Amino acid sequence: MSLETTFSLELPHIVFGPGSSSETGSHLVRLGVTRALIVGDPFVVFSGVAARVQDELRAAGIETGVFDRIAGEPTEVSVAEAIEAATTGRWDGFVGIGGGSALDTAKLCALFATHGGGIYDYLNKPVGEGRQVPGPVLPLIALPTTSGTGSEVTTVAIVDVGVKSGISHRYLRPRIAIVDPLLSVSCPPGVTASVGLDALLHAVEGYTTLPYDRRPKLPPAERPPYQGAHPMADLLCAKAIELVGANLRRAVADGSDVNARSNMALAATIAGVGFGSAGVHIPHALSYPIASLRHAWSPPDYGGAAFVPHGLAVAVTAPASFRFIADAASDRCREAARLIDGSDDLAGSFLKLMRDVGAPSTISEVGYKEEDIPAIVEGALKQQRLLVNAPKPVDVAALETILRDSL
């Protein structure tokens, strides 16, 4: 078998800095957009952010509308409503404002307003048909209001259709990412902790994934977005790990700390670029069934809804996952721990950070019991696009061990 010798790194146009969201109109004009649908969650509307952006777009001569019917994680129902809004308004561009759910929904709006079809056409196999996106989509500008998902720079849109799955293609990457740290200042502590841990895990998993040159060589057209660890992604992931280690506790403790907010926003975005090229592995594969199967726990600062937010669903199995891969990626695990807090135990460093920011650290705390393990394993096995990125083979027995270690 011939092994890969080539990697690639694609970037959107990134605009970063406090107040940068006020430039959205001028960037849409440069892209040739005349009618833009703003896609955001209800808080984006309630807080006045959507209205401010609308005023700025109108001042730039752009007609606008708002879709805000996004509740928690994107579902088949909420995505269908968004697609209907996107395809019936003669929009020629989109602005996503919010956390990962809003930005992922905006990506799907751009996809289906351009090419039509149904959600299962493009969802990854075996959940969907896994079709390739046939061509470029209408312009999308992404403005994150949380510092975690990195969706503003990635190729992925996640949907919960009973089990969480995704559509991943280079054409889904937003045309421009406008990262304004001031948009995250109102993010409450519990949400800040959850999304911050997600950003850290993007970086750590990207840093410890199977290297690109240990994978089968494929033609360029078949090369997956997640190519494995490579030198350029390593630089971005390592810097993101360091930034989160130094700033997440501060951002959770004092949301008005603009320096901490700026560093977390930078960490989330560069981690998004890094893992968007390298990939993620076991914690993210397990997070999808953990977020989907049981809604019996209400996370702090999420409005009382019963669900497991994505960042926490990823985090609760991370320490056990890091213990599992330690023998296959020992140097990378030690370096990641050093970047977080100066230690040499990645699982221990991550667990300490989780507890310091008030996050649950076991699957038991978010409502799962040992009898749920087979169902979680079944759901995780459907995420082969992620599990193949792990630095060592992952089978049913391995997933069961990790989950028992996470109880």
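The values are calculated or read from the model by the stated rules, or taken from the named source; none is laboratory data. In this text, all values refer to a predicted model and were calculated from it rather than measured experimentally. So basically every Cβ, Gly included, is an ideal-geometry build from the backbone, and we count neighbours across all protein chains shown.
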Worksheet item: modelled with pLDDT under 95 and either in the same structural domain as SER194 (by TED's automatic domain parsing) or over 25 Å from THR146 (Cα atoms) (or both) - does that describe any residue in region 337-355?
Response: no
Worksheet item: Can you tell me which of LEU293, LEU236, LEU248 is surrounded by fewer than 24 Cβ atoms within 10 Å (Cβ to Cβ) and among the hydrophobic types (A, V, I, L, M, F, W, C)?
Response: LEU293
Worksheet entry | Cβ pairs under 7 Å, 6+ apart, first in region 137-148 and within 10 Å of ALA106 (Cβ to Cβ), second modelled with pLDDT of 95 or more and acidic (Asp, Glu) | ALA142/GLU152; LEU143/ASP180
Item to complete: Given the conditions (1) farther than 18 Å from SER165 by Cα; (2) outside any helix (DSSP H, G or I); (3) touching a residue at least 40 places away in the same chain (Cβ under 8 Å), report the number of the one that PRO134 does not fulfil.
Response: (3)
Worksheet item: Can you tell which of ALA177, ALA199 is in contact with an Asp or Glu (Cβ under 6 Å, 6 or more places away or on another chain) and within 16 Å of PRO144 (Cα to Cα)?
Response: ALA177
Worksheet item: Mind checking which pairs have a first residue in region 166-183 that is over 18 Å from VAL53 (Cα atoms) and without any contact (Cβ under 8 Å) to a residue 12 or more places away in the chain and a second that is of a type outside the set (Gly, Ala, Ser) and surrounded by fewer than 23 Cβ atoms within 10 Å (Cβ to Cβ), Cβ under 6 Å, 6 or more apart or different chains?
Response: none
Worksheet, complete the sentence: Of the listed residues (ALA320, ALA315, ALA336), the one being within 22 Å of the chain's Cα centre (by Cα) and over 25 Å from ARG214 (Cα atoms) is ALA315
Worksheet entry | Cross-chain or 6+ apart pairs with Cβ under 6 Å, region 203-223 first and in the same structural domain as ALA268 (by TED's automatic domain parsing), then surrounded by 16 or more Cβ atoms within 10 Å (Cβ to Cβ) and aromatic (Phe, Trp, Tyr) | GLY206/PHE275; TYR212/PHE7
Worksheet item: Is there a residue in region 98-119 that is acidic (Asp, Glu) and in contact with a strand residue (DSSP E or B) (Cβ under 7 Å, 6 or more places away or on another chain)?
Response: yes
Discussion item. Can you tell me which condition GLY304 does not meet? The list is (1) touching a Gly at 6+ places or on another chain (Cβ under 8 Å); (2) modelled with pLDDT under 95; (3) not hydrophobic (A, V, I, L, M, F, W, C), and all the others hold.
Written reply: (1)
Fill in: Of all residues making up region 77-125, the number that are free of Cβ contacts under 8 Å to residues at least 60 places away in the same chain, under 30 Å from ALA380 (Cβ atoms) and β-branched (Val, Ile, Thr)
3
Response to the item:
Over region 333-361, the set of residues in a loop (DSSP other than H, G, I, E, B) and more than 20 Å from ALA251 (Cβ to Cβ) is SER343, ASP344, ASP345
Worksheet, complete the sentence: Selection from region 276-332 of residues hydrophobic (A, V, I, L, M, F, W, C) and in a loop (DSSP other than H, G, I, E, B) yields VAL280, ALA296, TRP297, ALA305, ALA306, PHE307, VAL308, VAL316, ALA326, ALA328, ALA329
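To keep it simple, each residue is scored yes or no on (1) within 18 Å of THR146 (Cβ to Cβ); (2) β-branched (Val, Ile, Thr).
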site: VAL29; (1), (2): no, yes
site: GLY32; (1), (2): no, no
site: ARG35; (1), (2): no, no
site: VAL39; (1), (2): yes, yes
site: VAL45; (1), (2): yes, yes
site: LEU57; (1), (2): no, no
site: GLU63; (1), (2): no, no
Fill in: Any hit, region 336-345, residues being buried (at least 16 other Cβ atoms within 10 Å of the Cβ), farther than 17 Å from HIS281 by Cα and without any contact (Cβ under 8 Å) to a residue 12 or more places away in the chain
yes
Practice prompt. Name the single residue, out of those in region 204-236 being of a type in the set (Gly, Ala, Ser) and touching a Gly at 6+ places or on another chain (Cβ under 6 Å), that is nearest to ILE325 (Cα to Cα).
Written response: GLY206
